[in-house]
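Let me begin by presenting the structure, written as structure tokens, before commenting on it.
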Amino acid sequence: MPQLRQNIITGEWVVIAPERAKRPTDYITADTVKTQSKTECNFCVGKSVYKTRIKKYDTKNIYVVPNKYPVFIEDGKEEPVKSYKVEKDFYRGRPSTGGHDIVVVNDHDTDLPHFSKQIWVDMLETFKKRYQYFDKEKNVVYTIPIYNHGREAGASIEHPHAQIFASNIVPNNITTEIHHTEKYFEHNGSCAFCDLIEHEKDFKKRIVFENKDFVAFTFYSARYPFEIWILPKEHGSRFENEPNAKLETLAESLMDIFSRLAKTLNDPPLNFFIHTLPNTITETDYFHWHLEIAPRITGYGGYEMGSGTIIDVFSPEKAAEFLKNNH
């Protein structure tokens with residue numbers, strides 16, 4: 001069973017999940033990631049993975065299955081969030097419980113930059129429904145949907161799919177975001193994300209896309225070249241509380257951004273993920289849900305790994321200009 005372990009020096013949590021290293025050849029290797037056919041793919045409609053789907057989440061374009069090799073395991077207990085001491089009470093750990101979904105796009109032959117608007121809408125509405133399900137689970141405190149596009153970004157299966165991780169901890173990055181935005185609100189009396197939107201709209205140079213509900217821009221202190229954040233213009237702390245009408249305009253934003261990235265950067269490997277509030281916190285004035293896109297164009301060297309300080313070799317301003325001028 002996967003186990004959560006806490007770093008005694010930094011307080012950060014990691015998941016130790018050796019079972020995931022035992023995934024069979026269905027989880028394709030670097031050499032075959034671009035060549036797996038429909039006849040070989042267990043994720044295609046009607047095949048073995050499809051038969052394990054949670055049917056009530058079926059849409060025209062999407063189905064949901066439990067991950068066969070989960071990082072967070074649903075165990076039915078009511079209070080697995082408590083940590084315990086191990087190794088003569090020196091370290092702290094806890095069971096890695098919660099849930100782990102695969103959100104599969106039916107069409108084997110499409111990929112992220114070419115998703116139709118309806119595929120995006122179906123995927124986002126599925127995220128919303130699974131958020132709402134996990135919000136009610138006693139062994140879940142945080143839910144995060146992610147998408148890995150390309151082998152270098154962690155994709156091990158050619159068939160297009162997202163994942164949803166529901167955990168019994170608040171992830172390290174979310175804890176940091178909440179801490180700093182709460183402090184910002186205490187000092188300034190306003191939401192840091194709302195202020196960020198207003199500043200970027202005034203500054204203009206980093207904005208890549210905007211519609212009536214969302215704004216997308218390269219991030220001022222980017223950790224990766226061409227890192228893009230998408231934020232709703234109207235304040236809201238929880239993605240799962242957004243009306244479906246806004247998911248339509250978010251779908252338009254995602255279609256535009258991923259098309260730009262594919263055309264201008266030759267379809268780079270990337271990840272995207274959504275940050276929202278933990279289940280244990282109600283709507284707040286200081287936190288604003290958002291979607292982050294992280295192209296994986298360059299790797300981290302020794303300085304980044306050793307210091308935790310990132311060197312971005314391409315300025316966000318130049319990145320935005322490049323995306324706007326070459327689309």
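Does Tyr147 meet the test of being among the aromatic types (Phe, Trp, Tyr) and over 16 Å from the mean Cα position of the chain (by Cα)?
Values: among the aromatic types (Phe, Trp, Tyr): yes; over 16 Å from the mean Cα position of the chain (by Cα): no.
The answer is no for Tyr147.
Quick check on my filter: what residues within region 212-238 are touching a strand residue (DSSP E or B) at 6+ places or on another chain (Cβ under 8 Å) and assigned to a loop (DSSP other than H, G, I, E, B)? Full working, then the answer.
So the first thing to find is which residues in region 212-238 are touching a strand residue (DSSP E or B) at 6+ places or on another chain (Cβ under 8 Å), and the list is 213-219, 223-233.
The answer is Asp213, Phe219, Arg223, Tyr224, Pro225, Phe226, Glu227, Lys233.
This table checks each residue for (1) modelled with pLDDT of 95 or more; (2) surrounded by 22 or more Cβ atoms within 10 Å (Cβ to Cβ).
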{"site": "Lys85", "(1), (2)": "no, no"}
{"site": "Arg94", "(1), (2)": "no, no"}
{"site": "Asp111", "(1), (2)": "yes, no"}
{"site": "Gln118", "(1), (2)": "yes, no"}
{"site": "Asp122", "(1), (2)": "yes, yes"}
{"site": "Tyr133", "(1), (2)": "yes, no"}
{"site": "Val141", "(1), (2)": "yes, no"}
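Being free of Cβ contacts under 8 Å to residues at least 40 places away in the same chain and among the β-branched types (Val, Ile, Thr) narrows it down to one residue among Ile197, Ile164, Ile207; which is it? Spell out the reasoning first.
Numbers: Ile164 fails: free of Cβ contacts under 8 Å to residues at least 40 places away in the same chain; Ile207 fails: free of Cβ contacts under 8 Å to residues at least 40 places away in the same chain.
On inspection, the qualifying residue turns out to be Ile197.
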Requested in this report: Identify, from the list Phe314, Phe272, the residue that is buried (at least 18 other Cβ atoms within 10 Å of the Cβ) and either in contact (Cβ under 8 Å) with a residue 40 or more places away in the chain or not assigned by TED's automatic domain parsing to the domain that holds Glu177 (or both).
Outcome: Phe272
Report task. Could you check how many residues of region 50-77 are closer than 16 Å to Asn106 by Cβ, part of a loop (DSSP other than H, G, I, E, B) and of a type in the set (S, T, N, Q)? Result -> 2
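Yes or no, residue by residue, for (1) among the basic types (Lys, Arg); (2) within 14 Å of the chain's Cα centre (by Cα):
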| site | (1), (2) |
| --- | --- |
| Asp122 | no, no |
| Gln132 | no, no |
| Gly154 | no, yes |
| Glu158 | no, no |
| Ile178 | no, no |
| Gly189 | no, no |
| Lys201 | yes, no |
Query raised in the report: Only one of Lys183, Lys205 is assigned to a helix (DSSP H, G or I), outside the structural domain of Gly11 (by TED's automatic domain parsing) and over 21 Å from Asn241 (Cα atoms); which?
Result: Lys183
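The values are calculated or read from the model by the stated rules, or taken from the named source; none is laboratory data. Because the structure is a prediction, the values reported are computed rather than measured. Note that we place each Cβ from the backbone using ideal geometry, even for glycine, and neighbour counts take in every protein chain shown.
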